[in-house]
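Worksheet for the structure shown next.
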Amino acid sequence: MADHHLSGKPPVPLTLRRSARARRISLRVSSLDGRVTLTLPKQVSDREALAFAEEKSDWIRSHLARQPEVICADLGATLPVDGTNRLVVASPLRRVSLEADRVLVPAATAQRSLQRFLRELARDRLAEACDHYAGRLGRNYSRITLRDTRSRWGSCSWEGALMFSWRLILAPPDVLRYVAAHEVAHLTEMNHSPAFWSLVRDLYGSYEPQRRWLRDNGGLLHRYSFDG
Ligand SMILES: [Zn+2]
């Protein structure tokens, strides 16, 4: 597939998507990563779609200007590891270590090492929380999988497999624990009925502030980039 860009500076990458259900060209700027997607009816040509995007160029650029900036998770950056802001500094050692307000990483592999460390820490914290809530519920889960999902923070399958976004380790610890309790509660209630929410309350306590935090701030956890 050809690469398309909006003309002008800086060039803006455009993703073209054809949909059998689309009746007209529509345009979307993702609030998570600033990706610009044009959805087109099948019979619309690339050229028509690009002309449409050029027409809307001012609108696209003004939307992009409001995006949270991408933060490169490298030496010198500040990251909310385990919910606490910590400065990323070079370590003389070959492993990552966490201090009160710093995270020490091997300089040569900073981003890769940091991401691996965060995934492991996320797994530890989530496994601990899930074990705790599953124990209280008297249910077992089959496994925990970590992904870098944008559409959801966690899920629970019919087979009892739990999935979480590893970026929850960048949220406050109570938010991570709320998501764990939420998914564990789905082991009993596979829905979002009043019975489900009352179970979440039994397991976790009052969860509204954590839910609100995710809704208001969750998108910001995606602004950290670990690949250069
Ligand atoms: Zn749910």
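Please treat every number below as a calculation from the coordinates, not as lab data. Quick caveat: nothing in here was measured; it's all calculated off a predicted structure. Every residue, glycine among them, receives a Cβ derived from its backbone with ideal geometry; neighbour counts consider all protein chains shown.
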Next item on the list: Compare the peptides 120-127, 179-186, 68-75 by average per-residue count of other Cβ atoms within 10 angstrom and give them in order, highest first.
Entry: 179-186, 120-127, 68-75
Notebook entry, point to check: By per-residue mean of other Cβ atoms within 10 Å, what is the highest-first order of 165-172, 191-198, 100-107?
Noted result: 165-172, 100-107, 191-198
Note to self: Defining a contact as two alpha carbons under 8 Å apart and six or more residues distant in sequence, what relative contact order in percent does the chain show?
What the structure shows: 16 percent
Margin query: Calculate the FRET efficiency for ARG35 and LEU98 from the Cβ-Cβ distance with a Förster distance of 41 Å, rounded to the nearest 0.05.
Written below: 0.80
Next item on the list: Give the distance, in whole Å, between the Cα centre of the stretch 124-153 and the Cα centre of the stretch 166-225.
Entry: 11 Å
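Can you give me the relative contact order of the stretch 1-68 as a percent, contacts being Cα pairs under 8 Å and 6 or more apart?
Normalised by residue count, the contact order of the stretch 1-68 is 30 percent.
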Note to self: Between ASN85 and SER206, what's the calculated FRET efficiency when r is the beta-carbon distance and R0 is 25 Å? Round to 0.05.
What the structure shows: 0.45
Notebook entry, point to check: So how many Å³ per residue does the convex hull of the Cα atoms of the chain work out to?
Noted result: 171 Å³
